[in-house]
1. Can you confirm whether Glu235 is over 30 Å from Ala177 (Cα atoms), open to solvent by 30 Å² or more (accessible area, probe 1.4 Å) and either more than 15 Å from the ligand (Cβ to nearest atom) or of a type outside the set (Gly, Ala, Ser) (or both)?
2. Output the qualifying pairs, or none if there are none: Cβ atoms under 6 angstrom, residues six or more apart or on different chains, first residue in the range 50-64 and of a type outside the set (D, E, K, R), second residue surrounded by 13 or more Cβ atoms within 10 Å (Cβ to Cβ) and in a loop (DSSP other than H, G, I, E, B).
3. Just to verify a result, which residue in the range 238-248, among those that are within 15 Å of Ala213 (Cα to Cα) and crowded, with 17+ Cβ neighbours inside 10 Å, is farthest from the ligand (Cβ to nearest atom)?
4. Could you please let me know if Val251 is within 16 Å of the ligand (Cβ to nearest atom), surrounded by 21 or more Cβ atoms within 10 Å (Cβ to Cβ) and without any contact (Cβ under 8 Å) to a residue 60 or more places away in the chain?
5. Might you let me know whether the range 144-163 holds any residue that is more than 13 Å from the ligand (Cβ to nearest atom), open to solvent by less than 40 Å² (accessible area, probe 1.4 Å), out of contact with any Pro (no Cβ under 9 Å at 6 or more places or on another chain) and without any contact (Cβ under 8 Å) to a residue 40 or more places away in the chain?
6. Scanning for something closer than 23 Å to Trp143 by Cβ, within 13 Å of the ligand (Cβ to nearest atom) and of a type in the set (Gly, Ala, Ser), does the range 214-225 turn up at least one residue?
7. Could you check, for the range 133-140, whether at least one of its residues is aliphatic (A, V, I, L, M), open to solvent by less than 80 Å² (accessible area, probe 1.4 Å) and either more than 30 Å from Arg81 (Cβ to Cβ) or outside the structural domain of Ala234 (by TED's automatic domain parsing) (or both)?
8. Which of the residues spanning the range 164-199 are touching a Leu at 6+ places or on another chain (Cβ under 8 Å) and open to solvent by 20 Å² or more (accessible area, probe 1.4 Å)?
Amino acid sequence: MPRIVYVNGRYLPYAEAGVHVEDRGFQFADSVYEVCEVKGGALIDTTRHLARLARSLSELKIAVPMAERALRHVLSEVVRRNRVRNGIVYLQVTRGQAARDFLFPGPDTEPTLVALARSIDPAKVAAKAKQGISIRSVPDQRWGRCDLKTVMLLPAALAKEVARTAGAQEAWFVDEAGFVTEGASSNAWIVRADGFVLTRPLDSRLLGGVTRATALEVLKAQGVPVEQRSFTIAEAQAAKEAFVTSASATVMPVVRIDGRAVADGKPGPVTLRLREKFHDLAEITPV
Ligand code: PMP
């Protein structure tokens, strides 16, 4: 077990080391890391690891937590303080601590930097190498399980940033076939010219929204025809209405998609009626 962990400028005892619950690494997987080998008390391939770290940070627009020289010092110091001769040193940088919001926090947010070192018995590794290992093949589903409400939210946070840059408030993901899967943090809906409300059927590419389920019940009660069918951006732009659903926004009208107005560019009547009546059928638990 590591004895000392580096956290944001301090070397802390293992049991006392921690980051804030609203750290973006914890809430959004908005974070990058490196693992370097430690062999005979020396760091292995540090330059390459730090170059990859710099690239990961730069691509994700996460601030560099400290100069490379200082980072090298922290890595050495963590290895030294934990008396690791053989093992690994682990380094993680997150976008930092901020009130939960998909959008990147302001430029004054300090990235979080954590480093820890751990011993690995070289004799055990050598014995394993002598035997060799076996492999089990698995489908590459990194990350294809969008039906699970995990904190694998870095792609969603990046999508919201793209939307914000374009002056939009939400992003819609589009699959390889050109169909909308869902919003970055909402389910996507349109009202077709013939009055049918369309939303994508549930599969592993989208989250089964609780608001979506309740909205389907409300639409049914209102006698509005619904088809659970995928639609394209072009279909959405040509629709009479569009909207998104989520617990935080309930039913939110969509009036522009990729710069194109939906119908007259105003919230439509089916959307507004659904929004108005949503809580009639939602479960209400007094606290
Ligand atoms: N899809 C995604 C990707 C989401 O993050 C959310 C919001 N949690 C939703 C859909 C809507 O789900 P719900 O109605 O349960 O909030």
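The values are calculated or read from the model by the stated rules, or taken from the named source; none is laboratory data. No experiment lies behind these values; they were computed from the predicted model shown. All Cβ positions, glycine included, derive from the backbone under ideal geometry; neighbour counts span all protein chains shown. The accessibility values were calculated without ligands, DNA or RNA, using every heavy atom of the protein model including side chains. Shrake-Rupley method; radii C 1.70, N 1.55, O 1.52, S 1.80 Å.
1. Taking the combined requirement at face value, the residue does not satisfy it.
2. Leu57/Val64; Ile62/Arg95; Ile62/Pro111; Ala63/Pro111
3. Phe243
4. Yes, satisfied.
5. Among the residues of the range 144-163, at least one is more than 13 Å from the ligand (Cβ to nearest atom), open to solvent by less than 40 Å² (accessible area, probe 1.4 Å), out of contact with any Pro (no Cβ under 9 Å at 6 or more places or on another chain) and without any contact (Cβ under 8 Å) to a residue 40 or more places away in the chain, which makes the answer yes.
6. no
7. no
8. Within the range 164-199, Arg164, Glu182, Arg192 meet the criteria.
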